[in-house]
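Since the structure comes first, as structure tokens, the remarks are kept for the end.
Just so it is clear, none of the values below were taken in a lab; they were calculated from the coordinates. Fair warning: this is a prediction, and the values are worked out from it, not measured in the lab. Positions of Cβ are backbone-derived with ideal geometry, glycine not excepted, and every protein chain shown enters the neighbour counts.
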Amino acid sequence: MELVLSLEQIGSDDRESVGGKSFALATMVKNGMKVPEALCLKADAYHRYLETTGLGARILMEFNRKDFAEVRWEEMWDAALRIRNLFINTPMPRDLRSSLQSVFASKLPGESVVVRSSAPGEDSEHASFAGLHESYLNVQGADSILDHIRLVWASLWSDRALLYRQELGLDVEISSMAGVVQKLVSGNRSGVAFGKNPNAPHQAVIESVYGLNQGLVDGSIEPDRWLLDRKNGKIISHFPADRKKQVVTAPDTTRLQTLPAAQQANPPLSEEEVAKVFRLALQAEELFGSPQDVEWTFVGDELYVLQSRPITSIGAEQGQDSRAWYFSLRRSFENLRSLRTRVESELIPEMQREAQAFAQQDLSKLSDSDLAQELADRQQAHDKWKDIYWSEFIPLAHGIRLFGQVYNDAVRPSDPYEFMDLLGATEMVSLERNRRLENMAAMIREDLNLSHSLSNLSYPGLDHPFSVALDAFIDKFGDLSCSEELCTQGDDAIVRLLLQMASRPAAKERFRGEDIEALVEGFLSRFEGEKRENMEELLDLGRASYRLRDDDNIYFGMIENQLRLALEESKGRLWHRANIHVDGLDPMEVINALNDPDYVPKKATVKKIDEINFEVRPRQLVGQPASPGVVRGSARVIDSLSNLFDFKAGEILVCDAVDPNMTFIVPLAAGIVERRGGMLIHGAIIAREYGLPCVTGIPNAASLIHTGDELTVDGYLGIVVKHS
Amino acid sequence: MEQITGSGSRRETPLSEEVELENFIRELFESQKLAVLGTQNQGQPYANLVAFAPSDDLKSLYFVTARATRKYANIEADARVTVLIDNRSNQDSDFSQAAAVTATGTAQEVVGSERDAVLTIYLAKHPMLEEFVRSPSCALLQIRVETYYLVRRFQNVMELHVK
């Protein structure tokens, strides 16, 4: 079977096998429109690759580890990262490879090309996947084309694409991907045209930038924008951009370049050219029977169509288009930099202030109606920050993945999370704290007298080296670890911890500074000149994203917790007043009940105790492998900072989420189990740092597992076994 | 005191977990006709297929066998049995999507007045076995389940102990 077709060879029956994008290109060529020469790789090649290599079954396994509804966004991203690495590290079967190589080498010899996705089902009117899958510009040579085809295939499994398909109700597992390899037309002015403005149906919109289209599509360059009257093509208004940069080709890739002064002063298109682009959009609309979103480029005076797809109707019908959100997950470097500033200097401090203000309120002293108001305020704050969490924090986390992706592409490590070691190296504060604790533990380990007297809570004199070290520690880190217990018990709590630490050999950190530097250099040495500088900046951004990513979780956790505390307080009052169970009630119902003593909320239905036939016990729980290794030991469930100090050396730390304030007990732990899933969370990082087995993403970990349970933590497979 | 929580936590009560699992097992049993029965005699395990039906409270599983069979002899020698019921379809997707329930418990013959009530349940599920079960050479057996082991998503395992 022919796997590769030229645009001219594509017939009316080929739509499913070549995908929407290729089919549209072929239709335009046949109708005399100017389209760059292209070859289409049918979806059969993708299926043959998945079947022959066994990758298809592995992808299925990856997605059925957990109920899709229980998968956190970060876990989805982890799965996507692992799958992408499978594609990168799984070569095409030899016969497929050699047949494709010869076709590309003979039909596009020595050309620079663009490798794009062309998903069957994509670009239909109801499911326009614009920008969800990857395109690679300026690819050269048959080998490189084949490598990029695998990346395009992998982009079918990006978290953005997965979330979007899920939202459209498409089966996550039934999917297919064709590709198009298009001769690169190096235009000097490019843009998009919307035949119909989704916000104003009588208008058309044309956007244009200097150079290649990439800067416009990924949001890093602001375009000039024209609104036109659809009826007669007259320009209604022109919004000039602040023109500074353009995207141009560079060897094997593209880069951002400062725009010459003459071009900065002038719009990329003349009025006649705007009209020409508009006519192109109308021509496409006539051809396809609905208004189109057309990508185009000018090479000199010649206008080429790069692709055309229907303007999706779902956004317009529902009044909001959530595609924008998925799209925002793919912010450009420039965008991420400004987002970082906003999150770092405004949002996180503000969230922290709000959480602290709530925490200062003594709920037990409030009247019922004041408590109702407080509950409403906390609910409102919670909802506000939840929105911000999705709109700002998660997109910022893209800095981590952007770095991870670049790192994996450049280094191709067998461990897809190796890049985390470079990002995690910013954890200087908690590591410094742990080192100082370890130094004090070493003093106890080496001095039997000291150990003995401390065990009897008898402290050495103030000038004893141990006392000096302890004072210095509390001076520096007292505030960091100031849980209630630490503040009231003072030195005793730390001494108990140190005695635990001294009872076993020092935990080894997996990495020293020089190891990290070697990794960094191993990565940067693959780039030269300006590119190397860009990569250094990208690493810096990745590290900032990682740090903020953890902070936002922690402070949002505090806001959630303050809401929970207010609900707890209400629960006690309503139970005493009227035997009303608050569990499972909508907070609005609780507020009503607090305000009105006669209000009887609708109770959530639960099964009566005598109808229970079984006692449920977990045996083997599946999460995500977050740090390799296997260990068996006794569980210690940490549900508040105050029971941290009960932690015994060799226990398995089980918690909802490892907080940076908890990490000082990690060197004592034999393994870590966490409810929150994902590789980029604190627990996973610190577990890797100390080489401890770690499993994350176990739903209800802290309620299904109890302190004292005998557990096996398998950090290779991502499973936790509870022994009876 | 600072509680430690992450974002988007979703806590379920043990009650709702029990309900979910029980419903899942009930639906699986409704979808399947045959079970693998494991018996043993003198340390030699033996597996075979039986047509099964569950009791309404899922605490018992019923099946019918001719008395001349090896499984019947094994049960006479040792009443401890195991049963496997699953929904695999012999595809690659089974590794991730098939579910299996293993039950352990003891088997005993159902006699007397109870027999008619159980047969009603049993024949509702397997009407084609009417003649078989009415045969004097056949025994109706009840497995009193002690524990169910439910395996989903390749390696997620929950235990349900009968109260």
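Here are some notes:
- Label-point separation in nm, A:Asp492 to A:Asp586, each point 7 Å along Cα→Cβ: 4.9
- Backbone HN-Hα couplings from phi across the range A:144-149 [Karplus 6.51/-1.76/1.60, Hz, Gly and Pro as x]: 5, 4, 5, 4, 6, 4
- Chain A: angle of helix A:529-578 to the longest principal axis, Cα-based, in degrees nearest 10: 50
- Where trypsin sites (Lys or Arg not before Pro) fall in DSSP loop in the range A:176-219, at most 14 other Cβ within 10 Å: none
- Neighbour count of at most 12 Cβ within 10 Å plus DSSP loop: longest GluC sites (Glu not before Pro)-free window in chain A: A:3-527
- Sorting A:Val411, A:Val18, B:Val101, B:Val83 from the fewest to the most surrounding beta carbons within 10 angstrom yields A:Val411, B:Val83, B:Val101, A:Val18.
- Sites A:Leu462 and A:Ala357, calculated FRET efficiency, Cβ-Cβ separation with R0 41 Å, nearest 0.05: 0.60
- Pairwise label distance in nanometres, B:Ala66 with A:Ser338, each label 7 Å out on the Cα-Cβ vector: 8.3
- Hz values of 3J(HN,Hα) by residue in the range B:62-79 - Karplus curve (6.51, -1.76, 1.60), Gly and Pro given as x: 10, 8, 10, 9, 5, 6, 7, 7, 5, 4, 5, 4, 4, 5, 4, 7, 8, 6
- Förster radius 25 Å - calculated FRET efficiency between B:Gln108 and B:Phe132, Cβ distance, rounded to 0.05: 0.80
- With R₀ set to 41 Å, the beta-carbon distance separating A:Asn595 from B:Glu20 gives a calculated FRET efficiency near 0.75.
- For the protein assembly as shown, the fraction of alpha-carbon pairs in successive 20 Å shells from zero, as %: 12, 36, 34, 16, 2, 0
- Ranked for footprinting exposure by Cβ neighbours inside 10 Å, fewest first, A:Asp463, A:Asp714 give A:Asp463, A:Asp714.
- Listed values for the range A:691-705 are Karplus-derived 3J(HN,Hα) couplings in whole Hz (6.51 cos²θ - 1.76 cosθ + 1.60, θ = phi - 60°), namely x, 9, x, 9, 10, 10, x, 8, x, 6, 3, 6, 9, 7, 10, and x replaces Gly and Pro.
- Cross-link pairs exceeding 22 Å in C-alpha to C-alpha distance, out of A:Lys34/A:Lys276; A:Lys107/A:Lys276; A:Lys571/A:Lys648; A:Lys30/A:Lys183; B:Lys33/B:Lys59; A:Lys244/A:Lys531, comprise A:Lys107/A:Lys276; A:Lys571/A:Lys648.
- Residue exposure sequence - B:Cys138, A:Cys655, A:Cys694 - by fewest surrounding Cβ within 10 Å: B:Cys138, A:Cys655, A:Cys694
- Full-stretch length increase - A:Ser270, A:Lys231 - with 0.36 nm per residue and alpha-carbon distance subtracted: 12.0 nm
- Separation in nanometres of the label points that stand 7 Å from Cα toward Cβ, at A:Asp252 and A:Lys183: 2.5
- Mean-position separation - Cα centroids, the range A:185-260 and the range A:621-682, in angstrom: 50
- A cut-off of 5 Å between modelled amide H atoms, ignoring neighbours fewer than 5 places along the same chain, links A:Ser627 with A:Cys694.
- For the residues B:Phe52, B:Phe29, B:Phe132, a GNM of chain B with alpha-carbon springs under 10 Å puts the largest fluctuation on B:Phe132.
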